[in-house]
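A short write-up of the structure that comes next.
The values are calculated or read from the model by the stated rules, or taken from the named source; none is laboratory data. Model, not experiment: these values are computed from the prediction. Neighbour counts are summed over all protein chains in view; Cβ atoms, including those assigned to glycine, are modelled from backbone coordinates with ideal geometry.
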Amino acid sequence: MKIIVHSPGSQNIRLWFPSRLALNSATALLLPEMMKQNGITITRKQAQAMVRAIHTCRRNNPGWKIVEVQSANGDHVEIAL
């Protein structure tokens, strides 16, 4: 996973974060409990399927942008797999 923040007038930030560290089987086991706290019901099987689907998308679509935001003052944030 790659997080890039471009801010005019200051130094840009680039972070590389291994997606396997954030999206793994342990995360899939904890995800239903975290979602329940926000009023969303999801089973462990659904969470595991979601993690597998994200990894498949990452493998088939390198550089896939999850989030891309441009602010009014010129800041640009991009999160890509």
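Remarks
- Matching residues in segment 1-39 - criterion: being surrounded by fewer than 10 Cβ atoms within 10 Å (Cβ to Cβ) and either among the hydroxyl-bearing types (S, T, Y) or on the phi > 0 side of the Ramachandran plot (or both): G9, S10, G39
- Filter result for T41 (assigned to a helix (DSSP H, G or I) and hydroxyl-bearing (S, T, Y)): no
- Residue in segment 66-80 that is in a helix (DSSP H, G or I), surrounded by 10 or more Cβ atoms within 10 Å (Cβ to Cβ), more than 13 Å from the chain's Cα centre (by Cα) and in contact (Cβ under 8 Å) with a residue 12 or more places away in the chain present: no
- Residues in segment 45-62 that are without any contact (Cβ under 8 Å) to a residue 24 or more places away in the chain and of a type outside the set (A, V, I, L, M): K45, Q46, Q48, R52, T56, R59, N60, N61, P62.
- Taken as a whole, the structure leaves I42 outside the set of residues that are out of contact with any helix residue (DSSP H, G or I) (no Cβ under 8 Å at 6 or more places or on another chain), of a type in the set (A, V, I, L, M, F, W, C) and surrounded by 10 or more Cβ atoms within 10 Å (Cβ to Cβ).
- The residue that is modelled with the highest pLDDT, counting only those in segment 8-31 that are in contact with a strand residue (DSSP E or B) (Cβ under 8 Å, 6 or more places away or on another chain) and assigned to a loop (DSSP other than H, G, I, E, B), is N12.
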